[in-house]
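Working notes, beginning with the structure itself.
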Amino acid sequence: MAEAAPRWATYADLEAVPDHLVAEIVDGVLETHAHTLPRLGATLAALAGELGLPFSRGRGGPGGWIFMPRTEFHFGRQVLVPDYAGWRRGRLSIDPDAAFIETSPDWVCEILSPATARLDRGRKRRIYAEAGVNHLWLLDPWNGVLEGFALTGGRWLLLETVVRGGTVTLLPFDAVSFPLDDLFPFDDPAAPPPAET
């Protein structure tokens, strides 16, 4: 006897998740995790500060972008909530009060945590490629690493890995550089880097 196909999670399943959790539907599976740990929230706020003025407002940079944190993005039956996403202003025409967005972002940044790293590096990264997201950053505040990827021929090409002490000059925001360490406000800049194990 053939096994029944697994049930694809529905939007009703997603809406039933308590408000203190982020809920996504990834390959039919309802995935949940905590909204924001202090380390992730501080990193997200620091990144928003670095990109906002030059790339959204055009102050000290080219402008032309709209950024949104933790905004629900629908791609077919997939429902993803990237930590931070950006759209080139000319591509995004939506009702600003809409519950979700169906236009794929031009850039996504996932801030990795021990609870989400496997999902962010695996299935979500694959879905972002399928949706045509052109650039993906994976930012790990625990290890002080930022990986920048570009979508090339339907696959992710690693452009650069920036580590603590380095400078971020990554596409699509390479017009303005900033120190990677500025994204980790809980870290003591005078402390020696953690020993490699």
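The values are calculated or read from the model by the stated rules, or taken from the named source; none is laboratory data. On a predicted model such as this, the values are computed, not experimentally measured, just so you know. Note that each Cβ is placed from the backbone with ideal geometry, even for glycine, and that neighbours are counted across all protein chains shown. Accessible surface areas use protein heavy atoms only, side chains included; no ligands, DNA or RNA. Shrake-Rupley method; radii C 1.70, N 1.55, O 1.52, S 1.80 Å.
A few comments on the model shown:
- Flag if Ala9 is at pLDDT below 90 and assigned to a loop (DSSP other than H, G, I, E, B): no
- Residue within the stretch 101-112 that is open to solvent by 10 Å² or more (accessible area, probe 1.4 Å), modelled with pLDDT under 95 and at positive phi present: no
- In summary, no strands (runs of 3 or more DSSP E) completely within the stretch 121-197 bear 2 or more residues that are at pLDDT below 95, open to solvent by 50 Å² or more (accessible area, probe 1.4 Å) and farther than 30 Å from Arg77 by Cα.
- Those residues of the stretch 21-44 which are open to solvent by 60 Å² or more (accessible area, probe 1.4 Å), free of Cβ contacts under 8 Å to residues at least 24 places away in the same chain and more than 16 Å from Glu72 (Cβ to Cβ), in sequence order: Val29
- Selection status of Pro114, in contact with a strand residue (DSSP E or B) (Cβ under 8 Å, 6 or more places away or on another chain), in a loop (DSSP other than H, G, I, E, B) and under 27 Å from Arg155 (Cα atoms): no
- In summary, Ile66 fulfils each of the numbered conditions (1) part of a strand (DSSP E or B); (2) of a type in the set (A, V, I, L, M, F, W, C); (3) more than 16 Å from the chain's Cα centre (by Cα) with the single exception of condition (3).
- Residue, modelled with the highest pLDDT, within the stretch 88-98, restricted to residues that are open to solvent by 80 Å² or more (accessible area, probe 1.4 Å) and part of a loop (DSSP other than H, G, I, E, B): Asp97
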